[in-house]
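Enquirer: Please find one structure pasted underneath; my questions will follow.
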Amino acid sequence: MKKLLLLAITSVFALNAHAQQTTNNWDFDGANREYIQYVPSVYDGSEAVALVIVLHGLGDNMNNMAQVGFHQVSDTANFIVVTPEALVFQSPAPQLFPDATAWNSGAGTFGIYPNADIDDVGFINALMDTVSAHYNIDQSKIFITGFSMGSFMTNRLACELTGRVAAIAGVAGTIGDGYTCNPSAAIPVCHFHGTFDTNVGYGIDGGGTQDNTFGPSVLEWISFWNTNNGCENVTLEGQFPNSSNDGYLVDYLEYAGCTDNSRVVRYKVHGADHVWLGPNNDVFYTAEIWKFFLGLSPDNLVTSELGIGENKIATISVYPNPTTDVLRIENIETKMLNISVFNTAGQLAKEFSTNSNILDVSALKPGVYQIMVATESELFSNTFIKN
């Protein structure tokens, strides 16, 4: 497995001078375990507050992960943030899997599963107890999120600590193929993943450029949680406005009608690799995660229900996606009047006046595009990737 590093967010945050950030440690199960704890200045102990646990990726550390913005969100939202650090894995085959900090998440490669003998589930559970013993924590609002291997670990915690963990949000990691998930109840789940992820593949079955070699694809993992949570159908679907022109398009999908008011939410980021998107992108993962933990849904989506005039925009099937030269349109039975292709800046990149369902897109530059097809009665649209 490659060393999965969190890419730096492009904005630099200033620490609230009145807040308390401390680095703590204690002996757990024979090992010294460390974590960064952030208590916002607005916390006074008079009311129970949420606890957010943030897990770093393989080879990363708690100091880097503490920079993704949860401290700044907590300054106004009043919750406590804890960012623990994984133990270093002494690899038996450094040429295949180098020594690195790693969670016992069940994710591995070449038959090597890092720190399989470390009780990280017990450590995180004890960490919840430790923080709760010193601060007024609302036990119904303990949330976990993580990036890459931290996301694999986040999902494992949802599987094993169901009932204690109120909700999870994972970024760029599903569940390891060295672990079997058997949740005891429904739990709200949110997942973020880039379709161009070359470290932990999105899954070709869902429109990614490659498969996940460490576990199930995003499509399979969302299906798993839908089944576990007893979700009925999609209740909200759309795309975030492409306001930043960052080269990404973000699709949102939400399943509700689930057991115990749980939800399953997916953010599919077209064109994104192994990253945690920051405040200069169309979506800021940290802010979206906190909204999800609060039980909120986005209110600025461009949905198919918006349409144009009397027409409604329906989803069209296109393949292969990604493509290099030819794009084929499926499932349109009526005559096509016009086909337009737009880049991520909303500019017209190519237009076709043809009724053929085979389009030559070889001249387009690599990137993410939206195709719009007008027929005599409907408008159809979808996103595709040109390699």
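Every read-out reported here was derived from the displayed coordinates using simple, explicitly stated rules and does not represent laboratory data. A quick note: this is a predicted structure, and the numbers were derived from the prediction, not measured. Here Cβ is always computed from backbone atoms with ideal geometry, including for glycine, and neighbour counts include all displayed protein chains.
Enquirer: Quick one: 3J(HN,Hα) in Hz for the stretch 84-96, Karplus 6.51/-1.76/1.60 with θ = phi - 60°, rounded, Gly and Pro as x.
Expert: In residue order, the calculated couplings are x, 10, 6, 7, 6, 8, 8, 6, x, 9, x, 5, 9 Hz.
Enquirer: Subtract the Cα-Cα distance of ALA287 and ARG328 from 0.36 nm times their separation in residues, and report this length gain in nm to one decimal.
Expert: 11.0 nm
Enquirer: Shape call for the stretch 70-113 from the C-alpha gyration tensor, a ≥ b ≥ c root eigenvalues: rounded (a/c under 1.5), prolate (a/b greater than b/c) or oblate?
Expert: Prolate is the answer for the stretch 70-113, as a/c is 1.5 or above and a/b outweighs b/c.
Enquirer: Could you tell me which of TYR35, ASN357, PRO188 has its Cα farthest along the dipole of the chain towards the positive end, charges placed at Cβ (Lys, Arg +1; Asp, Glu -1), taken about the Cα centre?
Expert: Working it through, the farthest residue towards the positive pole turns out to be ASN357.
Enquirer: Right, here's the next one. Ranking SER184, SER74 by Cβ neighbours within 10 Å, fewest first, what do you get?
Expert: If I rank by nearby Cβ atoms, fewest first, I get SER184, SER74.
Enquirer: Right, another one. How much of the DSSP beta bridge set in the chain is antiparallel, as a percent to the nearest 5?
Expert: 65 percent
Enquirer: Which entries of LYS268/LYS350; LYS141/LYS268; LYS141/LYS386; LYS291/LYS335 show an alpha-carbon separation above 32 angstrom in the structure shown?
Expert: Result: LYS141/LYS386; LYS291/LYS335 exceed 32 Å.
Enquirer: Next question. ASP260 to SER356: extension gain in nm, 0.36 nm per residue of separation minus the Cα-Cα distance?
Expert: 29.7 nm
Enquirer: Right, something else. Would you grab the residues whose amide H sits under 5 Å from the one on ALA256? Only those 5+ places off in sequence or on another chain, please, with H modelled 1.01 Å from N.
Expert: Hits under the 5 Å cutoff: GLU232, ASN233, THR235.
Enquirer: Stretch ASN387-ASP44 to full length: gain in nm at 0.36 nm per residue minus the Cα-Cα span?
Expert: Once the chain is fully extended between ASN387 and ASP44, it gains 118.2 nm.
Enquirer: Semi-axes of the equivalent ellipsoid for the stretch 205-310, please: Cα gyration tensor eigenvalues, times 5, square-rooted, ordered largest first, whole Å.
Expert: Working through the eigenvalues yields semi-axes of 22, 19, 15 Å.
Enquirer: What FRET efficiency would be calculated for the residue pair ASN136, VAL302, taking the C-beta separation as r and a Förster radius of 41 Å, to the nearest 0.05?
Expert: 0.50
Enquirer: Apply the Karplus curve 6.51 cos²θ - 1.76 cosθ + 1.60, θ = phi - 60°, to the phi angles in the stretch 187-195 and return the couplings in whole Hz, x for Gly and Pro.
Expert: Working through the residues one at a time gives 8, x, 10, 10, 9, 10, 7, x, 6 Hz.
Enquirer: Now for a separate question. Quick one: net charge of VAL82's neighbours, Cβ under 15 Å, K/R +1, D/E -1?
Expert: Local charge sum for VAL82: -2.
Enquirer: If pairing requires two Cys Cβ atoms under 4.7 Å apart, which cysteines of the chain are left without a partner?
Expert: Those would be CYS190, since no other cysteine Cβ in the chain comes under 4.7 Å of theirs.
Enquirer: Which ³J(HN,Hα) values in Hz, rounded to whole numbers, follow from the phi angles of the stretch 200-205 under the Karplus curve 6.51 cos²θ - 1.76 cosθ + 1.60, where θ = phi - 60° and Gly and Pro get x?
Expert: 10, x, 5, x, 4, 5
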